Amino acid sequence: MFTAESRRRDFPSLGGMAYLNTAAECIPPVCVREALETYWADKSLGMRGREAHYATLESARHVAGKFLGLSPGEVGFCSSSSEAYNLLATALDLKSGDEVVVSDLDFPSGATPWLASSSGCKTRLWRSREGALLADDLVSLLNERTRLVQVSLVSFYNGFRLEWEPFHGAVRSLAPNAVLSVDLTQALGRIVLDCPGADIAIASSYKWTLGIHGGCIIGVPQDRAGRLTTRAGGWYHLANAFDTDRFERAVPKPGAASFMVGMPSFPAVYALNASLHYLDSIGVVNVAHHADPLVQHMHNGLRELRLKPMAPHNPAASSGIVAFRHPHTAEMHKALEAADIHVMHQAGRMRIALHGYNTHGDVRRCLDVLARELDKSP
């Protein structure tokens, strides 16, 4: 990911473009295409291909567990983070009077299942200040009725990276009955994880992990498995799916395995297995060591252009995302696209994402176009 030669070899589609939109969609390495071709060859064998399917699934469990600091048996997969959170809701079985805490920097999939619930539970909002979530503002929202605290380690919205220890300490001391759920979608594969003590971790597969759509990683430590077992119908996650009592009761496998309610999406599993092994061969420490200076470069460049990043930047705990607002982001985005520079633009907000396949040249190209557009602004 770090040299001109390896970029051409592993990411030929980058070509001459500056791709700064991994927070929305990654550019998968060539090994992912090869893994999908292997899936096709295995699938073409019919039932004989299932042995390879299941072997790849176990390989993916092992490498995903390595990233999460969990054993293979503590890892499961489903189709998306939205599915994972809705399944988590069945495990929690919330009642009237229960409370859930979410933040205004979280992605909708982690926040909306509780709003859609018919349980009568109360959703409380942890509001950010100047783009950051402060543990002091969380304290008043926590109590013995709090059943879930849902956060993203890195915010999709502005790139804010949660300071874990103050947050974790507040939840454990003030909400002793709460499940602590962390979304790693904008972190896994890009930063060295620093969120010990989470009860459940959830991460989509098609962003910083360099996989494809249709996959999501779920990590549940063994000592949390009893509490975090889904109550969904299905078959793959059931211990008694084909036993004689299968029409009398449904007995789910505990913990992460219970999130795999149907046949796994094997194309996504093959892709994720390949992409995580690719990242593991490089080392996330090295990805961060390469890409964090690019983020610093972007922050410095935006400030020189008098564009204020939406989240405070901590060089010692960086994320891959930089975002800013400006009245003329639509014009900026159009100019960037014309220059084959790809970022995310939405409602006056521009989000720039920097991964291991990016370079200082990408940052300079982006900043130069922004500077020219700002010169045109009244």
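Residue count for segment 113-137 satisfying the condition of being farther than 29 Å from Leu354 by Cβ, touching a Leu at 6+ places or on another chain (Cβ under 9 Å) and not polar (S, T, N, Q): 6. Can you find, within segment 340-364, the residue that is farthest from Lys308 (Cα to Cα) among those that are basic (Lys, Arg) and surrounded by fewer than 19 Cβ atoms within 10 Å (Cβ to Cβ)? Going through the qualifying residues, I end up with Arg364. Among the residues of segment 368-377, is there at least one that is modelled with pLDDT under 95, outside any helix (DSSP H, G or I) and over 21 Å from Val154 (Cα atoms)? Yes. Is there any pair linking a residue in segment 144-164 that is closer than 13 Å to Ile191 by Cα to one that is basic (Lys, Arg) and surrounded by 24 or more Cβ atoms within 10 Å (Cβ to Cβ), with Cβ under 7 Å and at least six apart or on different chains, and which? Taking only residues 6 or more apart or on different chains, the pairs are Leu153/Arg161; Val154/Arg161. So which residues in segment 317-339 are touching a helix residue (DSSP H, G or I) at 6+ places or on another chain (Cβ under 9 Å), buried (at least 21 other Cβ atoms within 10 Å of the Cβ) and either aliphatic (A, V, I, L, M) or under 30 Å from Tyr278 (Cβ atoms) (or both)? Within segment 317-339, Ser318, Ser319, Gly320, Ile321, Val322, Met332, Leu336 qualify. Taking the listed residues Asp280, Asp292, the one that is touching a residue at least 12 places away in the same chain (Cβ under 8 Å) and over 24 Å from Arg351 (Cβ atoms) is Asp280, with no other qualifying. All told, Ser82 meets the bar of being under 20 Å from the mean Cα position of the chain (by Cα), surrounded by fewer than 20 Cβ atoms within 10 Å (Cβ to Cβ) and not charged (D, E, K, R).
Checking each residue in segment 36-91 for being farther than 15 Å from Leu184 by Cβ and aromatic (Phe, Trp, Tyr) picks out Tyr39, Trp40, Tyr54.
The set of residues in segment 67-89 that are of a type in the set (A, V, I, L, M, F, W, C) and in a strand (DSSP E or B) comprises Val75, Phe77, Cys78.
Can you work out which of the residues in segment 1-37 that are of a type in the set (Val, Ile, Thr) and surrounded by 15 or more Cβ atoms within 10 Å (Cβ to Cβ) is farthest from Ala274 (Cα to Cα)?
The residue in question is Thr22.
Each row is one residue, and each column tells you yes or no for (1) part of a loop (DSSP other than H, G, I, E, B); (2) not β-branched (Val, Ile, Thr); (3) not assigned by TED's automatic domain parsing to the domain that holds Met310.
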position	(1), (2), (3)
Ser96	yes, yes, yes
Val101	no, no, yes
Asp106	yes, yes, yes
Ser109	no, yes, yes
Trp114	no, yes, yes
Ser118	yes, yes, yes
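Within segment 286-297, does at least one residue satisfy the condition of being surrounded by 14 or more Cβ atoms within 10 Å (Cβ to Cβ), modelled with pLDDT of 95 or more and more than 22 Å from the chain's Cα centre (by Cα)? Yes, because at least one residue in segment 286-297 is surrounded by 14 or more Cβ atoms within 10 Å (Cβ to Cβ), modelled with pLDDT of 95 or more and more than 22 Å from the chain's Cα centre (by Cα). Of all residues in segment 129-136, none are surrounded by fewer than 22 Cβ atoms within 10 Å (Cβ to Cβ), part of a loop (DSSP other than H, G, I, E, B) and among the basic types (Lys, Arg).
So for segment 183-196 (the condition being assigned to a strand (DSSP E or B), hydrophobic (A, V, I, L, M, F, W, C) and crowded, with 23+ Cβ neighbours inside 10 Å), does at least one residue qualify? Scanning segment 183-196, I find no residue that is assigned to a strand (DSSP E or B), hydrophobic (A, V, I, L, M, F, W, C) and crowded, with 23+ Cβ neighbours inside 10 Å, so the answer is no. Taken over segment 225-242, residues that are touching a Lys or Arg at 6+ places or on another chain (Cβ under 7 Å) and either surrounded by fewer than 20 Cβ atoms within 10 Å (Cβ to Cβ) or among the polar types (S, T, N, Q) (or both) amount to 2.
Could you grab me the full set of residues in segment 265-279 that are in contact with a helix residue (DSSP H, G or I) (Cβ under 6 Å, 6 or more places away or on another chain) and not hydrophobic (A, V, I, L, M, F, W, C)? Scanning segment 265-279 gives Pro267, Tyr270, Asn273, Ser275, His277, Tyr278.
The values are calculated or read from the model by the stated rules, or taken from the named source; none is laboratory data. These numbers come from a predicted model, not from an experiment. Glycine gets a Cβ as well: all are built from the backbone with ideal geometry, and neighbour counts include every protein chain shown.
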